[in-house]
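Engineer: Here's a structure for you.
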């Protein structure tokens, strides 16, 4: 009997919502959110583990037996050591794009062979460190290839590839963008990778591989939120075709690994996890069947899709007011957490859940839902996470939940008004019991002062 993926997704969404409701009540009962700590982040550990399992299963269904597959989590989506450790426990590695992200991956205990370094602006020191640690890395451009050659070839390692990790090249198939320009990385003028459709570029890439036997992988990533599956698959197909041509040109299987990036978009409109990893893997199987025949090891770099549905920002309503006839709930979650939502609400809308002061879903009054603005604490007029949103009428002391915020919203803090980073807590539920574990402690005022140069208060007076 064939399962119904829509029904299965709906069931998983309902279970996730039930766990979230239990966690919100428990966060109030256990004092994680209160007057002195008016905003917290909650992470559903079971949801994260489920997403990781779905990713592994989706690719296991299509790859030839024995094919090496590394699912490397994009650390920028949740730069939190306990999250990286949890994902490592699920068999995932890390994709890092800076020395800081590399340090986080190592602090989480992720082994070098499960780390991939991507960045369009790696310094020579970063390249040297990656080679020393034997982590895989993807060069962004021909100048970076020259830098790598200067580090690798004088040591006589060009033919053997040892003892450094695998080295690849990022390419841009220039297939166009999706619905969010800022996240479309395969446009004609994208800053990432070698633009394959520029005059002579394809042939120059082939020649670069023939001249550098230590180049053994290709990498492409066409974008993330707002990118349709068809465009994602087309980018992988172009990368696969380039690998086939390179290997034909050199007469051997020099390119042995394809890093196909991540970018699976997230449905921010409901509980449903769609599109799913299985849907994407099947699209790849249809579009690039040779990708899975066992000749190429594979690397993926998913981020948002693994974490988004498992996160909730929970914030206290400090005041409920009105202006010009518009009800406004002033909360402690705004641009400092939901930066993209505040500045680009059309591209990054969030679902909002309303709770009473005890953390129970707020019932709708007899008069129905009330259209309200949900405002943040930042001192500018546009600090709104929702505008004219129909919700049960909110009052001071109530709580609002910003849903689907497990990725980017917790680790990309915007330090506007020197607002502190909130505490983040992972949770599991077992019947009526909810257990929490600290992921990150709330930032203290003293830490804000130190971070803002407090130790050098008089430094400018001596100039």
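Computed from the coordinates by the stated procedures, all read-outs in this text should not be read as laboratory data. Source: prediction; values computed, not measured. Methodologically, a virtual Cβ is constructed for each residue, glycine included, from the backbone with ideal geometry; neighbour enumeration extends over all protein chains shown.
Engineer: Can you give the Rg to Rh ratio for the chain, taking only C-alpha atoms and Rh from Kirkwood?
Structural biologist: Taking Rg over the Kirkwood Rh, I get 1.01.
Engineer: Once the Cβ-Cβ distance between residue 357 and residue 126 is put in as r, and R0 is 45 Å, what FRET efficiency do you end up with, to the nearest 0.05?
Structural biologist: Efficiency, rounded to the nearest 0.05: 0.40.
Engineer: Could I ask something else about it? Quickly work out the residue 191-to-residue 460 label distance, labels modelled 7 Å from Cα along the C-beta direction, and quote it in nm with one decimal.
Structural biologist: Output for this residue pair reads 2.8 nm.
Engineer: Please find the FRET efficiency linking residue 56 to residue 150, where r is the Cβ-Cβ separation and R0 is fixed at 41 Å, and quote it to the nearest 0.05.
Structural biologist: 0.60
Engineer: Sort the following peptides by mean Cβ neighbour count (other Cβ atoms within 10 Å, averaged over residues), highest first: 402-409, 278-285.
Structural biologist: By packing density, highest mean first, the sequence is 402-409, 278-285.
Engineer: Nearest 10 degrees is fine. How inclined is helix 142-152 to the longest principal axis of the chain, computing both from alpha carbons?
Structural biologist: That helix lies at roughly 70 degrees to the long axis.
Engineer: Now, a different point. Taking 0.36 nm per intervening residue step and subtracting the Cα-Cα distance, what contour gain separates residue 285 from residue 36 on full extension?
Structural biologist: Extra length available between residue 285 and residue 36 comes to 84.4 nm.
Engineer: Next question, about the same structure. Any idea what the relative contact order of region 46-306 is, in percent, if you count C-alpha pairs under 8 Å spaced at least 6 apart?
Structural biologist: The normalised contact order for region 46-306 reaches 21 percent.
Engineer: Please report the base-10 log of the normalised intensity I(q)/I(0) for region 288-337, using a Debye sum with one equal scatterer per alpha carbon and no solvent, at each q in 0.29 (1/Å).
Structural biologist: One equal scatterer on each Cα of region 288-337 leads to -1.08.
Engineer: For all pairs of alpha-carbon atoms in region 46-306, what percent lies in each bin of width 10 Å, listed from the first bin to the last filled one?
Structural biologist: 7, 32, 39, 19, 3, 0
Engineer: Roughly speaking, what is the stretch gain from residue 387 to residue 435, that is 0.36 nm per residue apart minus the C-alpha to C-alpha distance, in nm to one decimal? Don't skip to the answer; put the middle values down first.
Structural biologist: On the way: separation 48, 0.36 × 48 = 17.28 nm, distance 3.39 nm.
Between residue 387 and residue 435, full extension yields 13.9 nm more.
Engineer: Full extension from residue 379 to residue 450: what is 0.36 nm times the residue separation minus their Cα-Cα distance, to one decimal in nm?
Structural biologist: Using 0.36 nm per residue and subtracting the Cα-Cα distance, I get 23.3 nm.
Engineer: In angstroms, what radius of gyration and Dmax does region 59-149 have, counting Cα atoms only?
Structural biologist: 13.9, 40
Engineer: Using Cβ counts within 10 Å as a stand-in for footprinting exposure, how do 343, 73 rank, fewest first?
Structural biologist: 343, 73
Engineer: Another question, if that's okay. Given the alpha-carbon gyration tensor of region 215-328, what are the semi-axes of its equivalent ellipsoid in whole angstrom, ordered largest first, with each equal to the square root of 5 times an eigenvalue?
Structural biologist: Each semi-axis is the square root of five times an eigenvalue, giving 42, 13, 12 Å.
Engineer: Output the Cα-based Rg and Dmax of region 354-425 in Å, rounding Rg to one decimal and Dmax to a whole number.
Structural biologist: Every Cα atom of region 354-425 included, Rg and Dmax give 13.9, 41 Å.
Engineer: Based only on Cα atoms, what mean projected area does the convex hull of region 1-154 have, in nm²?
Structural biologist: Convex hull of Cα atoms, orientation-averaged projection: 13.6 nm².
Engineer: Also, I was wondering about something else. So what is the 222 nm mean residue ellipticity for the chain from helices alone, if each DSSP H run of at least 4 adds -39500 (n - 2.57) and you divide by all residues, rounding to the nearest 500 deg cm²/dmol?
Structural biologist: After summing the helix terms and dividing by the residues of the chain, the value is -9500 deg cm²/dmol.
Engineer: Among 310, 322, 347, which comes first, then next, by fewest other beta-carbon atoms within 10 Å?
Structural biologist: 322, 347, 310
Engineer: In whole Å, what three semi-axes, largest first, describe the equivalent ellipsoid of region 309-445 built from its Cα gyration tensor (square root of 5 times each eigenvalue)?
Structural biologist: Over the Cα atoms of region 309-445, the ellipsoid semi-axes are 23, 20, 13 Å.
Engineer: Just need the relative contact order of region 309-445 here, percent rounded to a whole number, with Cα pairs under 8 Å and 6+ apart.
Structural biologist: 29 percent
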